[in-house]
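This report concerns only the one structure given below.
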Amino acid sequence: MKLAGALMLAVLAAAAVCQRKAGEKNMPEIRLLEGLKATVMTPAATPIRPGVAAPAPAAAKPGGTGYICPFANAAANSRSSFGLMEGELKPRWSVDLPASLSPRFVLQDRDRVLLYGGEWILLDMQGRTITSGVSAGWPATLDMAHELFYRMISSGHMAAARTADGSMRFTQLPSQGDVFSRRLIVRRGDRILVAGNERALKPLDRGPKAEMRSTVDAVDVAEPIKTSSMGTLRPTAPEKMLYLPSEKIQFAATDQLVAAAAPGRIYIIDWNLQVPRTLEGSFEPLAMSLDETGRIYLVVKREGQADALWLITPEGALVYSFEFPQGTPALDLPPIVAYDHRVYLIAGRQILSLGVDGKLNWTRPTEGPVGGAVALPDGRLLVSEGEWIAVWDAEGKRTNLYRAQGEMFRTAPVPAASGDILAATATHLYCLTARRVGRP
């Protein structure tokens, strides 16, 4: 980070502390920093209210994009770009995993696989290990268009490494460094957005009522990329950072917008870090995903009421509210939004299917704990559940595809363009195929 940027952050931090100590209530809620320039933002506040929205047409089936980050894409809707080959699955290959890895996600695109948990391993599609390392935080993103993958490292930097061999291309320190926990890394064109929440560290200079913050950093990486002798990115434009007044923010993004859900408020943010509006209501966000139009599928907790799934347009219209049946466990994944806009909810060992009108289609028990799930282009749901990988159709009929005897799947089953399915247990990464084993 440039010295000027660091000085500006220090000035703003000192001002914020003074305001808190003085007990002032008019501290700016949203601040945009661009180089040495700081702007207080006052976006229009729109109440979330019942409304009628035109039905969204079924999304076009994307091609060529794999499962590139947690929950498939930056929108966190767990959509797979690739379908399922018919037939019983069989292992094409498997890789033994160290106990310390504790897999959470299998990321895959083109000819690369990134297995991510307490540690990470980069492999090719033949199961050969390219390189590996120790994880330092939640997000990781495969960017095969630029032959890079992004992750956080222990210094608090975001690191961009080459998918060819894992060597470092550049590092960049987001605002506040490792004081913040990063939640999202997403790239569009030459811009990378890095979003995060402040850790609850309670420094000595902050009072008990000090407001926590979240940030969205814009990182520009136009070619030719220039770095310092230490490999740190040299920015080609003034650094831009957006400050939001809550540490409990969930982020999801499309190519058009970023939605940031905080208690009582959803910030609608564009890729230039402008905030055209905030959507306001009485809720605590529990999970969130987006569809291709930017509509927000938000699971909310409300005082004295059942948890609910809200479908909200970016303009603030509440299209529907689905209240969870009594006794429904907490969701384990963000809402899974199928291409036809049906929704699947994974709650403990239950799958709930909702129609496009937000009404419950069916509820089914799973065979075991759910490691993850993806919505297939044909509307079916591919699920890792206990020892099994299974597929559910629109009517709630389950078909078993593969059983890992004595092992429990820990990750979503990820379809690849080749027709293979990748999924990990605690001890193995499997590449499964419906074709004859050994056939190319």
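Values computed for the structure shown
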item: Residue in region 160-180 that is touching a His at 6+ places or on another chain (Cβ under 9 Å), on the phi > 0 side of the Ramachandran plot and either surrounded by 19 or more Cβ atoms within 10 Å (Cβ to Cβ) or modelled with pLDDT under 95 (or both) present; result: yes
item: Residue list for region 118-145, restricted to those being in contact (Cβ under 8 Å) with a residue 60 or more places away in the chain and part of a loop (DSSP other than H, G, I, E, B); result: Met125, Gly127, Trp138, Pro139, Met144
item: Members of region 228-270 that are within 18 Å of the chain's Cα centre (by Cα), surrounded by fewer than 20 Cβ atoms within 10 Å (Cβ to Cβ) and under 16 Å from Pro174 (Cβ atoms); result: Glu247
item: For His157: the one exception among (1) surrounded by 20 or more Cβ atoms within 10 Å (Cβ to Cβ); (2) at pLDDT 95 or above; (3) under 20 Å from the mean Cα position of the chain (by Cα); (4) under 30 Å from Arg234 (Cβ atoms); result: (2)
item: From Asp378, Asp357, Asp340, residue being among the acidic types (Asp, Glu), within 24 Å of the chain's Cα centre (by Cα) and within 30 Å of Pro50 (Cα to Cα); result: Asp340
item: Search result, residues across region 177-196 that are of a type outside the set (Lys, Arg) and in contact with a strand residue (DSSP E or B) (Cβ under 7 Å, 6 or more places away or on another chain); result: Val179, Phe180, Ser181, Leu184, Ile185, Val186, Asp190, Ile192, Leu193, Val194, Ala195, Gly196
item: Filtered residues of region 293-311 (kept if farther than 20 Å from Val52 by Cβ and either in a strand (DSSP E or B) or in contact (Cβ under 8 Å) with a residue 12 or more places away in the chain (or both)); result: Val299, Val300, Lys301, Arg302, Glu303, Gln305, Ala306, Asp307
item: Tally, over region 242-271, of residues that are closer than 16 Å to Met212 by Cβ and not charged (D, E, K, R); result: 14
item: Failed item, numbered, when Ile351 is tested on (1) over 23 Å from Thr293 (Cα atoms); (2) more than 21 Å from the chain's Cα centre (by Cα); result: (2)
item: Boolean, Met27 is modelled with pLDDT under 50, in contact with a Leu (Cβ under 8 Å, 6 or more places away or on another chain) and either assigned to a helix (DSSP H, G or I) or not charged (D, E, K, R) (or both); result: no
item: Test result for Ile312, farther than 26 Å from Ala404 by Cβ, surrounded by 22 or more Cβ atoms within 10 Å (Cβ to Cβ) and among the β-branched types (Val, Ile, Thr); result: yes
item: Extreme residue, farthest from Ile346 (Cα to Cα), among residues of region 376-390 that are in contact (Cβ under 8 Å) with a residue 40 or more places away in the chain and crowded, with 18+ Cβ neighbours inside 10 Å; result: Pro377
item: Any chance Pro103 is at pLDDT 95 or above and touching a Lys or Arg at 6+ places or on another chain (Cβ under 6 Å); result: yes
item: Subset of region 160-189 (residues that are under 20 Å from the mean Cα position of the chain (by Cα) and over 17 Å from Leu33 (Cβ atoms)); result: Ala160, Ala161, Asp178, Ser181, Arg182, Arg183, Leu184, Ile185, Val186, Arg187, Arg188, Gly189
item: Qualifying residues in region 118-139 (those that are crowded, with 18+ Cβ neighbours inside 10 Å and modelled with pLDDT of 95 or more) - the one nearest to Asn197 (Cα to Cα); result: Trp120
item: Residue under evaluation Gly419, criteria (1) surrounded by fewer than 20 Cβ atoms within 10 Å (Cβ to Cβ); (2) modelled with pLDDT of 95 or more, criterion not met; result: (2)
item: Residue ID - surrounded by the fewest Cβ atoms within 10 Å (Cβ to Cβ), chosen from residues in region 181-196 that are not aliphatic (A, V, I, L, M) and not in a loop (DSSP other than H, G, I, E, B); result: Arg188
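The values are calculated or read from the model by the stated rules, or taken from the named source; none is laboratory data. Because the structure is a prediction, the values reported are computed rather than measured. Quick reminder, even Gly has a Cβ in these numbers, built from the backbone with ideal geometry, and neighbours come from all protein chains shown.
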